[in-house]
Amino acid sequence: MRFTLYAALAALTLSPLPALAQNAKPTDPQIAHIAYTAGQLDIEAAKQALKKSKNKEVRAFADDMVKDHSAVNKQALALVKKLKVTPQDNPTSQALTKQAAAKRAELAKLSGAAFDKAYVDNEVAYHKTVNGALETQLIPSASNAELKSLLQTGLKIFQGHEQHAEHVDAALK
Amino acid sequence: MQPGRLVFIAALFGGIVCVVPARAETIKVEIKNLVFMPAEVTAKVGDTIVWDNQDVFAHTATATDKSFEVILPPKKSGSLTVKKAGTFDYFCKFHPNMKAKLAVAP
């Protein structure tokens with residue numbers, strides 16, 4: 001069990017975002033869709049944590065994830081509307097969604113301290129993956145300056161979350 | 001009492017009254033796109049630091065040594081009157097990659 005979990009985490013952390021690596025660089029409508037999806041998935045993960053966890057630190061972290069990602073996505077929606085861009089679904093968004101659903105199902109079976117640890121570990125890994133994708137693929141590929149700038153703010157926010165998750169993780173040990 | 005002396009005394013009191021409030025300053029730190037600006041400020045004991053959060057995200061100004069924590073809701077400001085001299089590193093509890101420094105002279 002433990003081995004499977006670590007192997008899965010390692011795979012998630014080390015692999016680049018699925019389907020982007022082989023393909024040509026993503027278009028702005030695809031980038032907008034990926035960034036928005038990544039935020040929504042983290043909100044769903046946080047909502048699961050708020051339902052299941054009783055740990056004060058974990059709940060405060062989850063609450064912050066809901067607030068921050070909602071705020072970023074609100075800005076993203078306002079921007080795509082202004083730019084008249086329709087976010088376009090793509091294999092990367094689909095793979096992220098599928099991975100997140102599998103993770104939620106896995107976490108649903110856990111409770112108490114085991115849930116808290118697994119949720120926070122996954123938050124560290126998930127933010128690392130998304131930050132890696134933002135830095136190496138999404139930001140360099142974005143052609144619209146305003147989209148690029150929003151992604152850069154998003155990267156700073158997500159890097160903050162990664163460190164915050166690491167702090168919570170250290171406190172759980 | 002000579003009128004001249006009265007003016008002198010009034011000036012003296014006036015001077016004192018003016019000098020005292022002028023000594024406690026308000027120092028403003030702006031937060032924009034997850035950056036404390038300026039990243040380093042110097043103050044004196046009794047001064048007030050005002051953090052103006054222009055982001056749509058909640059932030060905090062939390063001392064590394066836990067001696068203070070100011071909660072900064074989105075688009076709101078928060079303040080702290082400094083009571084202790086020293087150099088304080090602080091960060092945002094929600095985004096620990098946001099770091100800054102406050103130097104307080106006695």
A:Asp89 passes all but one of (1) more than 14 Å from the chain's Cα centre (by Cα); (2) buried (at least 16 other Cβ atoms within 10 Å of the Cβ); which number fails? (2)
Residues satisfying the stated conditions in the range A:55-86, i.e. open to solvent by 70 Å² or more (accessible area, probe 1.4 Å), under 18 Å from A:Thr153 (Cβ atoms) and away from every other protein chain (no Cβ under 14 Å): A:Lys81, A:Lys82
Select from the range A:131-150 the residues that are under 15 Å from the mean Cα position of the chain (by Cα) and open to solvent by less than 10 Å² (accessible area, probe 1.4 Å) and list them in ascending order. A:Asn131, A:Ala133, A:Leu134, A:Leu138
Inspect all residues belonging to the range A:104-126 and state whether any of them is part of a helix (DSSP H, G or I), open to solvent by 30 Å² or more (accessible area, probe 1.4 Å) and touching a Pro at 6+ places or on another chain (Cβ under 8 Å). no
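So, in the range A:142-161, exactly how many residues are of a type in the set (Lys, Arg) and out of contact with any Leu (no Cβ under 8 Å at 6 or more places or on another chain)?
The first filter runs over the range A:142-161 and keeps only residues of a type in the set (Lys, Arg), leaving A:148, A:156.
From the residues that got through so far, the ones that are out of contact with any Leu (no Cβ under 8 Å at 6 or more places or on another chain) too are A:148.
Going through the range A:142-161 one residue at a time, the tally reaches 1.
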Any chance you could count how many residues in the range A:27-44 are more than 17 Å from A:Gln88 (Cβ to Cβ) and more than 9 Å from the chain's Cα centre (by Cα)? 1
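May I ask you to list the residues in the range B:80-98 that are out of contact with any Phe, Trp or Tyr (no Cβ under 7 Å at 6 or more places or on another chain) and surrounded by 14 or more Cβ atoms within 10 Å (Cβ to Cβ)? Please lay out each step first, then the result.
Start the filter on the range B:80-98 by keeping residues that are out of contact with any Phe, Trp or Tyr (no Cβ under 7 Å at 6 or more places or on another chain), which leaves B:81-97.
Correct list: B:Val82, B:Gly86, B:Phe88, B:Tyr90, B:Phe91, B:Cys92, B:Lys93, B:Phe94, B:His95, B:Pro96, B:Asn97.
Identify, from the list A:Gln159, A:Gln137, the residue that is more than 14 Å from chain B (Cβ to nearest Cβ) and part of a helix (DSSP H, G or I). Can you show your working first?
On the way: A:Gln159 fails: more than 14 Å from chain B (Cβ to nearest Cβ).
Among A:Gln159, A:Gln137, only A:Gln137 is more than 14 Å from chain B (Cβ to nearest Cβ) and part of a helix (DSSP H, G or I).
The values are calculated or read from the model by the stated rules, or taken from the named source; none is laboratory data. In this text, all values refer to a predicted model and were calculated from it rather than measured experimentally. Virtual Cβ from ideal backbone geometry, glycine too; neighbours counted across all protein chains shown. Accessible surface is based on the protein model in full, side chains and every heavy atom, while ligands, DNA and RNA are left aside. Shrake-Rupley method; radii C 1.70, N 1.55, O 1.52, S 1.80 Å.
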